[in-house]
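Just so it is clear, none of the values below were taken in a lab; they were calculated from the coordinates. Since the structure is predicted, the reported quantities are computational estimates derived from the model, not experimental observations. Neighbour counts run over all protein chains shown; Cβ positions are idealised from the backbone, glycine included.
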Amino acid sequence: MERNNLFPVFLKLESLDTLIVGGGNVGLEKLTAILKSSPSAKVTLVGRTIQDAIKDVAKAHPTVKLYERNFKLWDLWDKDIVLLATDNRSLHEAIKKLARTRRILTNVADTPDLCDFYLGSVVTKGNLKIGVSTNGKSPTISKRIREYLDEAIPDNTNELLDNMQKIRDQIKGDFGQKVKVLNEITASWLEEAAVVK
Ligand SMILES: C[C@@]1(CC(=O)O)C2=NC(=C\c3[nH]c(c(CCC(=O)O)c3CC(=O)O)Cc3[nH]c(c(CC(=O)O)c3CCC(=O)O)/C=C3\N/C(=C\2)[C@@H](CCC(=O)O)[C@]3(C)CC(=O)O)/[C@H]1CCC(=O)O
Ligand SMILES: NC(=O)c1ccc[n+]([C@@H]2O[C@H](COP(=O)([O-])OP(=O)(O)OC[C@H]3O[C@@H](n4cnc5c(N)ncnc54)[C@H](O)[C@@H]3O)[C@@H](O)[C@H]2O)c1
């Protein structure tokens, strides 16, 4: 069976610098996806033209900066992550090459072959976050799995995490003992979840 070899990570976009090139529908989609998970992400968006909807989003998010002009080489200089969302494929190929020489991780809209990483569908319940990837096979199925998990995972999951954190801070003893206790008290949670299922 084929398998998904992508390595998932959860980025702290408040302390990284992200560049989006393109101020159209796809630029808006990428910006919205980022801010939904990370409302204080530091994002610079450069677009020859920028949709009003993007301008509205930027007004509500002070960490988003907009530049209504063509992409310039120096836009890459202080960036960690780049998302390309223009309607110009050869521009995307050229920027991707430049970004690679600077070791900047790049996502290229509609061009999985040029992507260093993909965005995923995201389920969030308080501190719990689940990222879904179909390896680029079907973004629609990613979305459906997100909807399924969103329904299936109880809204009070964050209380469970808060309680576990308290218990984790209170348990004394060596590391091995602590891990044993934490596993024992959560074993029943898994059984209960199985019963509900
Ligand atoms: C998760 C999400 C995040 C986001 O981007 O916001 C995302 N796509 C979403 C939705 C979505 N995108 C598209 C449709 C229309 C139906 C369809 O085409 O299938 C729908 C569904 C809808 O909107 O209902 C069009 C599309 N997308 C890609 C291509 C190109 C290609 O596959 O070649 C085309 C064809 C364009 C064309 O043909 O013109 C490629 C990618 N899209 C990915 C992510 C990456 C793989 C994720 C994975 O592994 O599953 C990857 C590889 C790159 C990337 O973008 O990082 C978001 C779900 C949000 C949610 O949870 O609601
Ligand atoms: N809109 C969608 O949902 C969708 C779906 C599938 C595929 N696509 C494809 O994705 C691409 C982008 O789609 P879109 O709807 O966002 O297009 P769009 O025309 O709305 O936006 C393109 C953006 O790129 C900007 N741009 C072009 N050249 C630039 C440059 N040199 N520097 C800076 N900005 C520049 C434009 O000013 C504009 O803001 C297209 O190739 C489209 O075919 C879009």
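In nm², what is the average projected area of the convex hull enclosing the Cα atoms of the chain?
On the way: hull surface 58.8 nm².
Projected area, direction-averaged: 14.7 nm².
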Pull up the cross-link candidates among the lysines for K129, meaning alpha carbon to alpha carbon under 24 Å and not fewer than 8 places away within one chain.
-> K12, K30, K36, K42, K137, K143, K166, K197
Got a sec? Charge dipole of the chain, +1 on Cβ for Lys and Arg, -1 for Asp and Glu; which of V57, A187, W77 is way out at the positive end?
-> W77
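DSSP H helices in the chain with Cα extent of 15 Å or more along the helix axis and mean Kyte-Doolittle hydropathy at least -0.5?
On the way: long enough: 25-37 (19 Å, 0.40); 89-101 (19 Å, -0.72); 139-152 (20 Å, -0.94); 157-170 (20 Å, -1.40); 175-196 (32 Å, 0.41).
Membrane-span-like by this rule: 25-37, 175-196.
Expected output is a single nm value to one decimal: the length gained when fully extending between R89 and E68, i.e. 0.36 nm times separation in residues minus the C-alpha distance. What is it? Mind showing how you got there, number by number?
On the way: separation 21, 0.36 × 21 = 7.56 nm, distance 1.96 nm.
Separation in residues times 0.36 nm, less the Cα-Cα distance, equals 5.6 nm.
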Could you check the simple spin-label distance between A33 and D174, using points 7 Å along Cα→Cβ, in nm with one decimal?
-> 4.7
Evaluated at q = 0.10, 0.17, 0.18 Å⁻¹: base-10 log I(q)/I(0), Debye formula over Cα of segment 17-118 = -0.22, -0.68, -0.76
